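To start, the structure itself, in C-alpha cells.
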Amino acid sequence: MSRKIVVVGGGFAGVWSVLAAARVKDMAGAAAQDMEITLVSPRPELHVRPRLHEEAPHRMSVPLGPLLDVAGARFVEGSVERILDDGAAVDVETASGEHVVLPCDRLVLTSGSRLHRPASLPGVVEYAYSVDQLEDAVALETHLKTLADQPDSRARNTVVVVGCGFTGIEVATELPHRLRTLFGPEADIRVVIVGNAEEVGPDIGPGPRPAIIEALDALGVQCVLGSAVVSVDANGVRTASGERIESHTVIWSGGMVASPLTRQLPAPIDRLGRLDVTQQLRVAGADRVFAAGDVARALTDAEGHHSLMSCQHAIVMGRFAGHNVAADLLGAPLLDYRQPFYATCLDLGEWGAVYTEGWEREVKLTQAEGKARKRLINTQWIYPPAANRADALAAGNPFI
Ligand SMILES: Cc1cc2nc3c(=O)[nH]c(=O)nc-3n(C[C@H](O)[C@H](O)[C@H](O)COP(=O)(O)OP(=O)(O)OC[C@H]3O[C@@H](n4cnc5c(N)ncnc54)[C@H](O)[C@@H]3O)c2cc1C
C-alpha cells in the first residue's frame, strides 16, 4: 500500500507544494519509497495570473508535464468537486466528464481564488469582461480585436475598468498602449476607472499613491471615485451617482474570493473564504489537510501580518505546505511558516511600475527602474524552475 499525498490545484501554491513534497521524499530515501504525490488540476499547465492584464494572454501559461515527471509526481487532469470525509478522499470530475474518487492520506488544498462577480448587480455576469482567468483574458483580447474592425465611435474607444485596487490599476494603465496598438496611434481612446473608494488604490496605502496618480495622469487614465457601478449593459455602465458612461468594453475587477472548496472543510473561514491555518499550514480542525496560497490565511511574521492573495505568499506557503505534508506523513518534524519580507510591485503600463518594500509600502523604485524589477518578477521569479530533477527539488526548499 502506498502513502498518498494529493495536491488540489496547479497554480503557484500547488506547483511549489509538489516540488517541496518531492524534495522531502527524495531526502528520506528508502523510508519514503511508497510515498505517492499526485497533482489534480483542470489543465497540465500553470497559468501566470499576474500577467493576464498584458497583451497576448494566451502565452501566459507554462506546461507542467515535464516538471512533474522529473519531480516524480503524477498528474490527474480534472477538477475536484467534493472533498470527502474531511480530506480522506476527493471526488474528481475528469476532463472526459467521468468521476473518480482519489483516496488521500494527506491533502494539500491550493485551489486558489476567483474574481467575485456580484450576481445581484444587473449585467455584470452577462456583459463584463475580466482578466481573472486565462480564458477570461483571452476573451477580452478577442473582443478588443473585434472592436478594431468596427467604426470609430466614443463607445468603441472607451473602456471602463470597475475597481480601483491592484488589479484594476494594472489593467487600466496597460490599456492605453493596447488600444492604440489596435485602434491606431491617432484614435481618441478613453480609459476610465470607476471605484467606490474615495481614493485610488484604497488598500495600497499613502506611500505609493503619488506614483500611481502621476502614472494615471501621464497615461490619460481618468478616475470616477466614490461612486459604485450599479448596472452594466452591452453599451456601458451606470454609477450610483447617476452618471452614464457609454462603452463597449467593461472590465470587472472588483476583488477575489477563495475557491469554494474551502467551504467543504469543517474549519473557520474569513470574509474572503480563506481557511484559518496553523503556523505549520495545517487547516484548523481538519488534521490531514494543509492549505496554501489564496485559499489560506496564515500569519507571516511575529508582528501579526497575515498572508495576502498574492504570488509571493502563494509560492512560499506552497513550499512550506509541501514540506510539511510530506514530513507529517513520515513522522518527521514540521516547519513553522515564516515570511517576514514583504514587497509589492505594481505595473503602471508605459509609465513604468512602482516597487515598494515593507508592510508600510515604502517606495524604493519607480518608472523605468520599477518596470525593470516588475519584468524580473513577472518573467523569471514567479516562473517554475527548469524541468530537471536537481533544479526542481532545489526550488522546493522552504529556505531557498
Ligand atoms: C490580473 C492579475 C494580476 C495579479 N497581479 C499580481 C501581482 O502583481 N503580484 C502578486 O503577488 N499577485 C498578483 N495577482 C494574484 C495572484 O495571481 C494570485 O494571488 C496567485 O495566483 C495565487 O496563487 P494560488 O496558487 O493560490 O492560486 P491560483 O494561481 O489561482 O491557482 C489555483 C489553481 O487551482 C486550480 N483549481 C481551482 N479549482 C480547482 C478544483 N476544484 N480542482 C482542481 N483544481 C482547481 C486552478 O485551475 C489553478 O490551476 C494577480 C492576479 C490577477 C488576476
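Structure above, values below:
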quantity: Dipole magnitude (debye, nearest 20) for region 124-252, charges at Cβ of Lys, Arg, Asp, Glu; calculated: 240
quantity: Reachable lysines from residue 371, criterion Cα separation under 29 angstrom, eight or more residues apart if same chain; calculated: 145
quantity: Lys, Arg +1 and Asp, Glu -1 on Cβ, resulting dipole of the chain about Cα centre, debye, nearest 20; calculated: 440
quantity: Within the chain, helix-based [θ] at 222 nm, where runs of 4 or more DSSP H residues each add -39,500 (n - 2.57), nearest 500; calculated: -8500 deg cm²/dmol
quantity: Region 4-32-region 341-377 distance, computed between alpha-carbon centres (Å); calculated: 32
quantity: Along principal axes, Cα extents of region 124-252, largest first, whole Å; calculated: 41, 29, 28
quantity: Descending semi-axes in whole angstrom, ellipsoid equivalent of region 222-325, from the Cα gyration tensor; calculated: 38, 14, 12
quantity: Largest-first ellipsoid semi-axes for region 276-319, taking √(5λ) over the Cα gyration tensor eigenvalues, angstrom; calculated: 16, 12, 8
quantity: Phi-based couplings in Hz for region 348-363 (Karplus 6.51, -1.76, 1.60; Gly and Pro marked x); calculated: 10, x, 6, 5, x, 7, 10, 10, 10, 10, x, 6, 7, 6, 7, 5
quantity: Volume of the Cα convex hull of the chain, divided per residue and given in Å³; calculated: 143
quantity: Lysines whose Cα lies under 25 Å from that of residue 364, excluding same-chain neighbours fewer than 8 positions away; calculated: 374
quantity: Rg/Rh (Cα only; Kirkwood hydrodynamic radius) as it applies to region 264-398; calculated: 1.02
quantity: Rotationally averaged projected area of region 1-89 (alpha carbon convex hull; nm²); calculated: 6.9
quantity: Pair-distance profile P(r), taking every C-alpha pair of region 15-171, with 5 angstrom steps and integer %; calculated: 1, 7, 13, 15, 16, 14, 11, 9, 6, 4, 3, 1, 0, 0
quantity: Angstrom value of the Kirkwood radius, inverse mean 1/r, which spans all Cα pairs in region 344-386; calculated: 10.5
quantity: Nonlocal amide H pairs with residue 161, under 5 Å, H built at 1.01 Å; calculated: 192, 193, 194, 251
quantity: Gain upon complete extension [residue 139, residue 101; 0.36 nm per residue less C-alpha separation]; calculated: 10.4 nm
quantity: Pairs of alpha carbons in region 64-109 whose separation is greater than 14 Å (percent); calculated: 55
quantity: Candidate lysines for bridging to residue 4, where Cα separation is under 21 Å - those fewer than 8 sequence places away on the same chain excluded; calculated: 25
quantity: Net charge over other residues, Cβ less than 15 angstrom from the Cβ of residue 370 (K, R count +1; D, E count -1); calculated: -1
quantity: Taking region 36-117 and dividing mean pair separation by its residue count, relative contact order in percent (alpha carbons under 8 Å, at least six apart); calculated: 25
quantity: Charge-dipole axis of the chain as Lys and Arg at +1 and Asp and Glu at -1 on Cβ define it, positive-most pick from 399, 354, 48; calculated: 399
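Where a number appears in this text, it was derived from the coordinates with a stated rule and is not lab data. Given the structure is predicted, the values throughout are model-derived calculations rather than measurements. Positions of Cβ are generated from backbone atoms using ideal geometry, with glycine treated the same way; all protein chains shown enter the neighbour counts.
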